[in-house]
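The next block holds one structure in the form of structure tokens; read it before the comments.
Each value in this text was obtained by applying a stated rule to the coordinates, not by laboratory testing. Note that the structure is predicted; figures quoted are calculated from it, not measured. For neighbour counting, all protein chains shown are included, and Cβ atoms are generated from backbone atoms with ideal geometry for every residue, glycine included.
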Amino acid sequence: MSTIAAMRHVRGFDVARPLSIGTLVFLMLPLVFLPLASIFIFGTSNGLDKFWSALMQPEAIFALKLSMATSFWATVFNVIFGLFAAYVLSRYNFWGRNALIVTISLPTAIPTAVAGFALLLLWGPYGTLGRLFTPHGFQIMFTAGAIILANIFVTFPLAFGVIKPVFDTMSRSLEEASATIGATRWQTFWHVTLPSLRGAIVSGALLTFARAVGEFGSTILVSGNLAGRTQTAPLYIFAKFNEGQIEAANAIAIVLALFSFLIFSVLFFARDWLDVD
Amino acid sequence: MKAKETLIRKHEEPEPARPAAAASVVGISKRFGKASVLENISFDVAEGEVLVLLGASGSGKTTILRIIAGLEMPYTGKVILHGRDVTELPARERGVGVIFQSYALFPKMTVEKNIGYGLRIRKHKRKEIRETVNELLSLVQLEEHRKKYPSQLSGGQQQRVAIARTLAYKPEVLLFDEPFGALDTQTRVHLRREIRALLKKVNVPSIFITHDQEEALELGDRVAVLNVGHVEQIGTPFEIYNHPATEYVATFLGAANVLEATVRKDFLEVGSARIPVEQDKFREGDCVKIVFRPEDVALNRGDLPPSGHARLASGRIEEISFVGAYERLRLRLDVSGADECKADDTPYYLTTETPERPSTKSIIATRPKPEASTTRFQVGEKVTVALTSFTVLPPQKGTKGTN
């Protein structure tokens with residue numbers, strides 16, 4: 001150690017720098033880089049045609065589409081809800097406000113399997129509410145609707161969590177100025193408040209969507225995992241892996257991985273665009 | 001209260017008939033919880049007039065502004081704009097223009113869009129909006145910045161955008177909330193001249209709030225001095241500076257000397273000193289206060305006062321300090337003798353807020369540089385103290401704290 005310290009002084013060369021960066025990369029290698037890389041290496045090792053034909057399986061395409069569609073609607077709901085909740089909770093002070101904030105944030109801490117199970121207990125054929133509806137031919141569990149419900153539940157706090165701080169720091173005088181200029185509440189919200197929230201809304205939506213697309217634990221319980229009917233992309237990977245069809249599973253895994261890279265890059269590189277105009 | 005009001009009126013010069021009020025505040029009071037922040041506030045602003053609400057922080061001036069704008073509800077009282085009672089109307093239906101301290105420009109809109117906002121939400125025709133925006137841009141001289149966003153402008157430019165944005169929809173009254181608070185001194189002085197000129201051009205009645213007395217005197221056609229939720233005095237800058245109605249006004253607007261005196265037949269008695277005065281406001285034996293500015297003090301060697309001045313007393317110079325443009329002297333008056341009014345329990349707390357309040361018998365005088373260099377005084381020297389002008393105030397009764 002003392003030699004290292006001495007070297008620093010003699011040459012003005014900071015040995016700690018390459019050493020620590022090297023350690024960091026070395027640690028991340030088996031933990032992050034290699035697993036990700038192996039998806040791509042394995043998936044394309046038999047040639048791109050194999051990859052392509054695995055991807056073009058009707059069930060695979062269906063699974064991807066279902067994931068996109070259910071995640072999309074869960075995102076739409078959660079962004080609108082998050083916007084509304086953030087508005088109410090940052091504009092008004094009332095008894096029980098903190099309790100509501102905690103409750104909204106709670107789903108992050110709940111294991112996804114528990115979330116799926118809870119939904120089953122409520123909406124399942126013998127569930128608390130489900131049994132009231134089942135006799136009338138209404139059954140939401142084991143449908144695409146159930147997947148959306150599960151997605152909404154597990155991604156509930158994400159958009160809210162991004163939007164609320166922006167609301168909190170937004171100067172009230174902007175809205176007051178708009179009011180004195182003659183705008184209605186709605187006009188003020190549309191022309192003044194919403195534009196300031198654009199960045200938060202976009203990143204909240206992307207986060208929610210990315211999280212929903214990957215959801216597995218709750219989906220597998222509430223969807224029924226029926227290939228071609230309620231099987232989402234992550235469920236497809238799991239099913240094909242269990243059947244020993246590694247290539248089929250791998251093709252979808254590559255698509256999902258690329259997709260999350262894409263969302264992440266938007267969040268990362270479009271930061272400036274999202275925040276300032 | 002009554003006595004004070006009549007006194008205020010006495011001080012006002014016979015004023016020319018002012019045009020009908022463009023905006024009036026009538027008997028406004030406001031409470032937050034149990035704390036009363038405004039008590040019975042009333043004033044008018046005439047068409048094209050600039051009224052400045054001057055007060056220290058906590059005097060309630062911002063609350064008055066917010067009540068006029070409709071951002072706050074008064075507890076009692078009315079707000080009247082051009083004869084229309086708007087007390088119950090929400091902010092958006094009042095048609096007032098507020099220039100916030102932070103300007104509150106919409107960050108995601110360009111300068112043009114900001115200025116056109118009021119017309120856009122009123123669904124005016126595009127062509128009309130464009131024309132108005134162009135006019136206003138040239139009025140505030142920001143044509144070349146029309147496509148910029150607020151964050152790309154300087155503080156002064158942002159402020160001009162904020163003014164143009166309110167002028168676009170022809171407001172009934174303009175309200176400025178400490179508009180220069182966020183700027184450095186030089187810009188501030190420059191901007192307030194610019195804004196004063198602009199306001200005279202557009203002729204919209206305006207209310208400014210500020211805690212800066214210099215700003216108030218320079219900007220206002222009239223100034224209302226506020227003190228813990230009530231109006232101490234309203235008048236032209238000349239009136240409130242030269243004829244303050246209360247000790248608070250006198251001391252808040254620059255430095256002032258306050259001496260307690262007893263009213264006699266044709267003079268005022270300060271200890272053993274006598275100031276000849278002709279007056280009919282007070283009865284013999286009344287305890288009053290004499291208020292005069294440091295620059296109203298004239299000093300002379302020897303026993304005689306400079307001609308045309310009222311002799312106050314002789315005094316001894318205790319301290320001389322040089323303060324840039326003038327010289328400041330602290331003097332101890334030689335006014336030994338029975339002082340009837342000393343016993344009068346003028347509550348101390350009323351006057352402790354004023355930074356330079358001298359003890360009863362010691363006063364501050366200032367002399368301009370030319371005079372200071374022709375007649376030099378030494379510390380300890382004995383001089384004759386005379387007054388160019390002074391104001392006589394009744395002891396503080398019926399003001400805050402007692403009603």
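Membrane-span-like helices in chain A, defined here as complete DSSP H runs extending at least 24 Å along the helix axis by their C-alpha atoms with mean Kyte-Doolittle hydropathy no lower than -0.5, are A:58-91, A:194-213, A:246-269; this is a sequence and geometry rule, not a statement about a membrane.
When restricted to Cα atoms, chain B yields an Rg and a Dmax of 24.7, 80 Å, respectively. Applying 1/(1 + (r/R0)^6) with R0 = 41 Å to the Cβ-Cβ distance of B:LYS123 and A:HIS136 gives a FRET efficiency near 0.30.
Counting, for every residue in B:103-112, the Cβ atoms of other protein chains within 10 Å of its Cβ and taking the mean gives 5. When the Cα atoms of segment A:46-275 are aligned to their principal axes, the ranges along those axes come out at 66, 48, 28 Å in descending order. P(r) tail for segment B:121-162: Cα pairs beyond 11 Å make up 67% of the total. Counting only other chain Cβ atoms within 10 Å of each residue's Cβ, the peptide A:166-177 averages 4. How charged is the neighbourhood of B:GLU327? Take every other residue with its Cβ under 13 Å from the Cβ of B:GLU327, and add Lys/Arg as +1 and Asp/Glu as -1. That sum, taken over residues with Cβ under 13 Å, equals +2. Each peptide in B:256-266, B:367-377 was scored by the mean count of other Cβ atoms within 10 Å over its residues; highest first, the order is B:256-266, B:367-377. For chain B, relative contact order (Cα pairs under 8 Å, six or more residues apart, normalised by length) works out to 16 percent.
Shown is the FRET efficiency for A:THR103 and B:LYS148, computed with R0 = 41 Å from the Cβ-Cβ distance and rounded to the nearest 0.05: 0.40. Between B:VAL379 and A:PHE268, the simple label model (points 7 Å from Cα in the Cβ direction) yields a spacing of 7.1 nm. Neighbour counting of Cβ atoms within 10 Å sorts the residues B:GLU284, B:GLU112, fewest neighbours leading, into B:GLU284, B:GLU112. Relative to the longest principal axis of the Cα atoms of chain B, the long axis of helix B:111-121 lies at roughly 70 degrees. Post the alpha-carbon centroid distance, segment A:197-270 to segment B:42-67, in whole angstrom. The two parts, judged by their Cα centres, are 60 Å apart. Extending 7 Å from the Cα toward the beta-carbon at both B:SER36 and B:GLU318 defines two label points whose distance is 3.8 nm. Based on every Cα atom in the protein assembly as shown, Rg and the maximum pairwise Cα distance Dmax equal 37.6, 119 Å. Per residue, chain B reaches -7500 deg cm²/dmol at 222 nm when only DSSP H runs of four or more residues are counted, each adding -39500 (n - 2.57).
Count the DSSP beta bridges whose two residues both fall in the protein assembly as shown, then state the antiparallel fraction as a percent rounded to the nearest 5. Mind dumping the intermediate values first?
Numbers: 60 of 78 bridges.
So the antiparallel bridges in the protein assembly as shown amount to around 75 percent.
Report the Cα centroid-to-centroid distance between segment A:56-80 and segment B:123-162 in angstrom, as an integer. One Cα centre to the other: 46 Å. The label-point distance for A:THR169 and B:GLU93, in a model that sets each label 7 Å from Cα toward Cβ, rounds to 3.7 nm.
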